[in-house]
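No value in this document is a laboratory result; all are computed from the given coordinates. As the structure is a prediction and not an experimental result, all values here were calculated from the model. Note: ideal-geometry Cβ built from the backbone for every residue, glycine included; neighbour counts use all protein chains shown.
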């Protein structure tokens with residue numbers, strides 16, 4: 001229950017960033033001249049792409065209690081004019097009878113569709129893609145400035161087991177599936193903008209279909225890998241005072257010192273918890289998208305946030321709106337995860353001598369281990385001295 | 001490296017089995033969004 005509430009809070013906090021409610025200035029418009037209808041100021045604000053308080057018409061849906069007798073004028077529409085009815089349809093305030101089941105089939109017009117589309121095609125792609133490219137460029141510069149982190153004095157030539165086979169299996173299940181999900185997710189999000197102009201629609205179609213299949217189905221391997229790595233490593237990733245010392249020393253990256261660490265140092269713990277928290281959240285929103293309209297999460301999440309923080313996030317969301325929030329949230333979390341994983345890949349491969357061996361064959365050079373995880377080496381050697389396995 | 005490759009293969013096997021398992025559970029987006037009266041089969 002606690003984890004459900006936590007994920008709900010995490011999900012909703014980021015929506016603060018793009019919730020249109022924050023963009024409204026709360027100004028009230030005098031509509032007496034138009035009898036409560038749209039004014040010139042509304043039109044001008046819309047042309048300037050400013051937010052408009054739509055409640056003057058989304059709440060103006062007529063009153064059935066004012067119904068004229070069936071024999072009188074407007075009797076067949078009850079107390080609602082044609083305009084009232086169309087406003088109800090536009091703002092999804094009607095409950096139409098439809099033959100097909102499913103929560104989305106009774107929605108005739110979904111008013112938030114265009115803002116979602118513009119957000120997805122605009123800021124999400126621009127800032128998300130820009131962040132990845134910028135971060136990769138930053139790492140290239142860092143590599144040339146700092147250089148590869150070498151083993152001081154060179155490798156010892158003897159090795160120590162760093163990760164068992166099952167640990168490496170869980171890591172690579174998670175890592176391999178994440179890379180597939182990242183690439184296919186980017187193709188799905190950006191292919192229309194960047195691939196179609198280059199390779200054309202005919203070539204993009206099978207790539208898009210294949211990406212969709214892979215993204216939907218490899219997601220289960222990602223979730224399994226996430227659970228495996230969490231169960232195997234959570235005990236080693238509980239923060240402690242030693243982490244603060246490690247962080248104060250900058251992990252030795254800039255000073256070329258070697259702050260003490262157990263099996264995982266503070267930097268690895270940050271990566272671990274980033275992957276776990278964001279991975280859990282991206283899995284939740286992914287499940288919501290994988291089973292369309294069956295697992296709505298944002299209305300309940302907003303309800304929890306409203307009750308705790310006193311905010312007024314919308315809790316009456318159309319089924320499509322739930323999917324749109326899930327889609328945007330899924331993209332944002334995935335971009336943040338990609339940044340963290342790119343940094344992780346860098347330091348685990350070209351950035352540090354001997355680091356890849358830990359996940360490559362499970363054994364690392366003893367000198368490397370002493371320099372980066374001295375306390376862990378001491379623990380392993382103490383256990384081996386007592387005749388226990390590491 | 002064998003462990004890494006076997007994990008990648010496992011991811012593909014899981015991906016291949018996922019739609020089959022979901023189908024066995026009876027979940028289908030077509031079923032969720034249609035009914036006998038509107039299905040054109």
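Rank these for me by crowding, A:331, A:219, A:55, B:6, going from fewest to most other beta carbons within 10 Å.
Placing the least packed residue first, the sequence is A:55, B:6, A:331, A:219.
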Could you give me the radius of gyration and the Dmax of region A:248-390, taking only the C-alpha atoms into account and expressing both in angstrom? 21.6, 64
Average Cα contact separation per residue, region A:282-369, under 8 Å, 6 or more apart, as relative contact order %: 24
Build a GNM of chain A with springs between Cα atoms under 10 Å: which of A:355, A:249, A:235 gets the top mean-square fluctuation? A:235
If you take the alpha carbon radius of gyration of region A:324-385 and divide it by 2.2 N^0.38 Å, what ratio comes out, to two decimals? 1.65
May I have the extent of the alpha carbons of region A:66-221 along their three principal axes, as whole Å values ordered from largest to smallest? 99, 35, 35
Please compute, over every Cα-Cα pair in region A:151-270, the percentage with a separation greater than 26 angstrom. 48
Square roots of five times the Cα gyration tensor eigenvalues for region A:153-193, Å: 36, 15, 4
With the contact rule set at Cα under 8 Å and sequence spacing of 6 or more, what percent relative contact order holds for chain A? 23
So, relative contact order of region A:166-292 in percent, Cα under 8 Å, 6 or more apart, is 26
Roughly how large, in nm² to one decimal, is the mean projection of the convex hull of the alpha-carbon atoms in the protein assembly as shown? 29.9
Normalise the Debye intensity by I(0) for region A:230-296, one equal point scatterer per Cα, no solvent, then take log10 at q = 0.11, 0.21, 0.24 Å⁻¹ and round to two decimals. -0.40, -0.83, -0.97
Please average, across the residues of B:12-19, the number of beta carbons from any other chain that are within 10 Å of each residue's own beta carbon, and give a whole number. 6
Inverse of <1/r> over all distinct C-alpha pairs of region A:272-339, i.e. the Kirkwood Rh in Å, gives 12.6
In nm, give the distance between the simple-model label positions of residue A:63 and residue A:273, each being 7 Å from the Cα along the Cα-to-Cβ direction. 5.5
Suppose we take every Cα in region A:130-181 and form the convex hull; what volume per residue is that in Å³? 117
